[in-house]
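Participant: Structure provided below as structure tokens; questions to follow.
Every read-out reported here was derived from the displayed coordinates using simple, explicitly stated rules and does not represent laboratory data. From a predicted model like this one, the values you see are computed outputs, not experimental measurements. Cβ placement follows ideal geometry from the backbone for every residue including glycine, while neighbour counts extend to all protein chains displayed.
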Amino acid sequence: MFSIIQAAGWPIWPLLACSIVALALVIERFSSLKTMKIAPPKLLGEAMVVSRTALPPPDVVLKLEQNSLLGEVLASGLRALGANPRISEADLRSTLEGAGRQAAHKLERYLAALATIASAAPLLGLLGTVIGMIEIFGAQSGNTSNAGGGNPAQLAQGISIALYNTAFGLMVAIPALIFWRYFRARVDGYLLSMELAAEQFVRHLNRLRK
């Protein structure tokens with residue numbers, strides 16, 4: 001394997017770097033995009049129970065905020081209502097929407113980098129192939145003029161080595177694209193569930209405000 005990488009030339013080293021970065025990003029996203037860290041199923045109900053008749057104490061709000069991303073969004077509404085009991089419904093909704101945008105930014109972290117690797121890896125592989133074939137045909141041209149003919153076996157071996165760059169580029173790009181689409185769909189699902197939970201919590205806080 002190392003001999004193939006070495007023979008493929010310097011263009012394959014950026015692809016190796018992309019593969020390492022992509023693997024690290026996939027592991028990080030799998031670790032971060034867990035349901036219990038984003039939107040635990042029972043959290044909304046628990047938050048509505050503890051604030052059923054009155055605002056919970058600050059330590060409960062802090063615990064809610066530290067629970068998950070959804071907890072941060074819900075806690076922002078409780079804090080806004082605690083700071084201004086007469087806050088309008090529009091301002092309360094705006095507060096939760098702002099917290100939701102911050103949560104969305106955290107959910108989408110590193111997805112752009114993974115998408116960039118998925119798009120750039122085939123191009124890097126093609127670049128390596130083109131550079132390799134230019135060098136191969138240049139060497140064959142020199143052999144033809146100096147020795148009266150090129151070596152077909154050497155030419156075929158050189159082309160196969162050059163094509164390793166394209167193959168390796170696709171090997172990096174395809175998994176990166178698959179995982180990017182998987183994480184994108186996962187994030188969209190979380191955002192939808194958080195949006196629905198925030199809307200329900202706004203109505204709950206509005207009744208508590210009155």
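Participant: Which of the aspartates and glutamates could be linked to LYS37 by a straight reach, that is with a Cα gap under 15 Å, when you skip same-chain ones fewer than 8 residues away?
Facilitator: By straight Cα distance, LYS37 reaches GLU28, GLU65, GLU72, GLU108.
Participant: Right, next: Be a star and scan the range 117-137 for residues whose amide nitrogen sits under 17 Å from the point 7 Å along the Cα-to-Cβ vector of LEU163.
Facilitator: 125-137
Participant: By count of other Cβ within 10 Å, fewest leading, how are TRP10, TRP180 ordered?
Facilitator: Sorted ascending by nearby Cβ count, the order is TRP10, TRP180.
Participant: Just the C-alpha atoms of the range 1-109: what Rg/Rh do they give, with Rh taken as the Kirkwood radius?
Facilitator: When Rh is taken as the Kirkwood radius, the ratio is 1.29.
Participant: Another question about this same structure. Taking the Cβ of each residue in PHE183, PHE137 as the centre, tally the other Cβ atoms inside 10 Å and list the residues starting with the fewest.
Facilitator: Starting with the residue having the fewest Cβ neighbours, the order is PHE137, PHE183.
Participant: Per residue of the range 72-80, in order, report the coupling 6.51 cos²θ - 1.76 cosθ + 1.60 (Karplus, θ = phi - 60°) as ³J(HN,Hα) in whole Hz, putting x for Gly and Pro.
Facilitator: Karplus-based 3J(HN,Hα) across the range 72-80 equals 4, 5, 5, 5, 5, x, 5, 5, 5 Hz.
Participant: Counting other beta carbons within 10 Å of each Cβ, put SER31, SER119 in order, fewest first.
Facilitator: SER31, SER119
Participant: What is the Cα convex hull volume of the range 2-209 when expressed per residue in Å³?
Facilitator: Per residue, the Cα convex hull of the range 2-209 comes to 118 Å³.
Participant: Under the definition of Cα pairs under 8 Å and six or more residues apart, what whole-number percent is the relative contact order of the chain?
Facilitator: The normalised contact order for the chain reaches 32 percent.
Participant: Residue by residue through the range 194-209, which ³J(HN,Hα) values in whole Hz follow from phi under the Karplus form 6.51 cos²θ - 1.76 cosθ + 1.60 (θ = phi - 60°), with glycine and proline marked x?
Facilitator: 5, 5, 5, 5, 5, 4, 5, 6, 4, 4, 5, 5, 5, 5, 5, 5
Participant: Related question: Could you check the simple spin-label distance between ASP188 and LYS42, using points 7 Å along Cα→Cβ, in nm with one decimal?
Facilitator: Roughly 3.1 nm, to one decimal.
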